[in-house]
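Some notes on the structure that comes next.
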Amino acid sequence: MKILVINSGSSSIKYKCFEMPEGHVLASGLCEKIGEPTGRLTRHVGDRDTVTEREFPDHSAALEAVLAGLTGEGGVFERLDEIGGVGHRVVHGGEAYSGSVLIDDDVIAAVRDNIPLAPLHNPPNLLGLEVGRKLLPGVPQVGVFDTAFHQNMPASAYLYALPYELYQEHRVRRYGFHGTSHAYVSKRAARMLGKQPEDLRIITCHLGNGASIAAIKGGRSVDTSMGFTPLEGLVMGTRPGDMDAAIVLFLQDHLGMSAKDVGTLLNKKSGLLGLTGRTNDMREIEAAAANGDERARLAIEVYCHRVKKHIGASTAVLGGVDALVFTAGVGENSSLIRKTCVEGLEALGFTMDLTRNETAPRGVETDVAAADSRVRILVIPTDEEVAIAEETYAVIQK
Ligand code: ADP
C-alpha cells in the first residue's frame, strides 16, 4: 500500500511517499515559500532531484503540485487512487489523543481546539489536514500527534504545582513533544537488544535543533523534559529549556519587554544561539570551541550539563535503566556531545566505550557502551516519517 506522509508547516509542505509495510521510500520532497512569488518545489525520486520554481499561492496549490509530481512525468505511480492512506504530522493533540487516529470532523475540531496550546504549529497542520481531505477525498487520512506518546504519563509527572484550576479550566499541564521520535527509537532499541519493549526501561535523548528527553517504562513514556510547550527542558538551538520563571517577570518589569518580545527572546534568540552569540549549529560550535572560542566551549558545557541532569532525573523516575538512546542531528552525529553527556555517570551504570563512540558509523544503529556497562548506550537514527507511515498503515489496517 502506498502511504503519503505530510508535514505541513506555515510556509512549507514536506512529504515522503512509502510502499508499506515494507517501508521503501518511493519519493520525497519539499514545497517551500508557499504564498510567496518565489515558491519552490523540490522532488527526489531515486537519486534524481527535480526543482520547479513558481508561485504556490496556498497550501492547496502546493499539495496539488506535490500530487501531480507523484503521478505525472517522472512520477512514481500512475493514478492518485493508488494512494492507500495519508499520514499527517500534527504537533498538539492535547489530552484527547494517546495514539494515532483516522481524521474525521471531530479530530479536525480537536486540532482546532488545541490551537491556543500550539499557536505556531497546529494552524498549518490543520491546513494540511483540510487540503489532504479536499484533494484526496475517500482516501483514509490519519493524524499522528507529537504529544500522543506522552499522554500516558502519570499526573505526578504532568501536573505543574500551580493552582489546580489552571489545569482544570485551561489545560495547563506538561504535554511533551517529539513523541513519534521517542516511540520509534525506543522500539528500535528493544529490537536491537532482542527484548520486548514491555520488559525495558529506556531513556531516549532526542538532540536536534529542538531537544527533549523521555523516560520510557514498559514501552510507555512516564516522564519527559518538554512541558506545556516545547520550551521546557534541555538547552536547544534557540530555546533555553529549564529556567526560573521569574526571569520572565524580570524581563518584563525591569527591562520593559513586552510579552511578544519575551516570546521571541525565548523561542528564537536563546539556547546555543544565545550563549554563543552567533550560531545554533552544533558543528560550528564544536569547531569554534576546538579553536579556543570560550563562549562556544561554555555553550557545550551548559548543553551537556543539562542533558546529564535530565539523564539522572530520568534514571530516578525509572528506578534503573536498561538502555540510553541518543538520536536526532546532534545525538546521532556528535561523539563529543554524547561523550560529555555521560561522563561521570559510571556510578549510575553508564560506561561508554570511547573508541566505539568515536568511530560509530553515521546512520547506523550502534551500541557504544563498554562491554561491562550496566546500561547499554545506543546511537539510533530517528526516522519520524517512516514512523508516521507505520502508524498510518496500522490505523488503516484496523
Ligand atoms: P531538527 O530538530 O531541525 O530536525 P536535526 O535533528 O536535523 O534538527 O538536528 C540539527 C542539529 O544537528 C544542528 O544543530 C546541527 O548542527 C546538528 N548536527 C548535524 N550534524 C552534526 C555533526 N556532525 N556534529 C554535530 N552536530 C551536528
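The values are calculated or read from the model by the stated rules, or taken from the named source; none is laboratory data. Since the structure is predicted, the reported quantities are computational estimates derived from the model, not experimental observations. Cβ atoms come from the backbone with ideal geometry, glycine included; neighbour counts cover every protein chain shown. Protein only, heavy atoms only, side chains kept; ligands, DNA and RNA dropped before computing areas. Shrake-Rupley method; radii C 1.70, N 1.55, O 1.52, S 1.80 Å.
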Yes/no for T355 being away from the ligand (no atom under 16 Å from the Cβ) and under 30 Å from F145 (Cα atoms):
no
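Kindly indicate whether any position in region 325-337 is assigned to a loop (DSSP other than H, G, I, E, B) and of a type outside the set (G, A, S).
From region 325-337, those assigned to a loop (DSSP other than H, G, I, E, B) are 334; that's our starting set.
Of the ones still in play, those that are also of a type outside the set (G, A, S) are none.
Within region 325-337, not a single residue is assigned to a loop (DSSP other than H, G, I, E, B) and of a type outside the set (G, A, S).
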Filter region 338-359 down to residues that are part of a loop (DSSP other than H, G, I, E, B) and not acidic (D, E), then give me how many there are.
5
Checking L127 against (1) open to solvent by 20 Å² or more (accessible area, probe 1.4 Å); (2) not in a helix (DSSP H, G or I), only one condition comes out false. Which one?
(2)
State the number of residues belonging to region 286-300 that are surrounded by fewer than 21 Cβ atoms within 10 Å (Cβ to Cβ) and either in a helix (DSSP H, G or I) or within 13 Å of the ligand (Cβ to nearest atom) (or both).
9
Note on E385: of the conditions (1) open to solvent by less than 50 Å² (accessible area, probe 1.4 Å); (2) of a type in the set (D, E, K, R); (3) within 16 Å of the ligand (Cβ to nearest atom), unmet is (1)
What are the residues in region 311-331 that are within 14 Å of the ligand (Cβ to nearest atom) and open to solvent by 40 Å² or more (accessible area, probe 1.4 Å), if any?
G329
Just name the residue that is nearest to L136 (Cα to Cα) out of those in region 1-47 that are hydrophobic (A, V, I, L, M, F, W, C) and open to solvent by 40 Å² or more (accessible area, probe 1.4 Å).
M1
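Give the residue, chosen from G84, G35, that is touching a residue at least 24 places away in the same chain (Cβ under 8 Å), on the phi > 0 side of the Ramachandran plot and not in a helix (DSSP H, G or I).
Details: G84 fails: on the phi > 0 side of the Ramachandran plot.
Going through G84, G35 in turn, the sole match is G35.
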For S258, which of the numbered conditions (1) over 26 Å from the mean Cα position of the chain (by Cα); (2) open to solvent by less than 20 Å² (accessible area, probe 1.4 Å); (3) of a type in the set (S, T, Y) fails to hold?
(2)
In this structure, does R239 turn out to be open to solvent by 40 Å² or more (accessible area, probe 1.4 Å) and either within 12 Å of the ligand (Cβ to nearest atom) or outside any helix (DSSP H, G or I) (or both)?
yes
Taking the stated definitions as given, is A259 free of Cβ contacts under 8 Å to residues at least 40 places away in the same chain, over 16 Å from S225 (Cα atoms) and either acidic (D, E) or within 16 Å of the ligand (Cβ to nearest atom) (or both)?
no
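Looking only at residues that are assigned to a helix (DSSP H, G or I) and open to solvent by 50 Å² or more (accessible area, probe 1.4 Å) in region 274-285, which one is farthest from the ligand (Cβ to nearest atom)? Talk me through it step by step, then tell me what you get.
We begin by selecting, within region 274-285, every residue assigned to a helix (DSSP H, G or I); these are 274-276, 282-285.
Imposing the further condition that a residue be open to solvent by 50 Å² or more (accessible area, probe 1.4 Å) reduces the set to 275, 283-284.
Numbers: L275: 13, R283: 4, E284: 7 Å.
Among them, the one singled out is L275.
Taking region 242-273, which residues are part of a loop (DSSP other than H, G, I, E, B) and small (G, A, S)?
Looking only at region 242-273, we keep the residues that are part of a loop (DSSP other than H, G, I, E, B), and these are 242-245, 254-258, 269-270.
If the condition is that a residue be part of a loop (DSSP other than H, G, I, E, B) and small (G, A, S), then A245, G256, S258, S270 are the ones that fit.
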Please give the number of the condition S270 fails out of (1) away from the ligand (no atom under 11 Å from the Cβ); (2) open to solvent by less than 10 Å² (accessible area, probe 1.4 Å).
(2)
State whether the residues of region 346-359 include one that is open to solvent by less than 20 Å² (accessible area, probe 1.4 Å) and of a type in the set (D, E, K, R).
no
Per-region count, region 333-361, residues within 18 Å of N209 (Cα to Cα) and either among the basic types (K, R) or in contact with a strand residue (DSSP E or B) (Cβ under 6 Å, 6 or more places away or on another chain) (or both):
1
Of these, A211, A161, A157, A183, which one is among the aliphatic types (A, V, I, L, M) and in contact with a Leu (Cβ under 9 Å, 6 or more places away or on another chain)?
A211
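Do the conditions hold for F149, that is, is it of a type in the set (F, W, Y), touching an Asp or Glu at 6+ places or on another chain (Cβ under 9 Å) and within 22 Å of G9 (Cβ to Cβ)?
no
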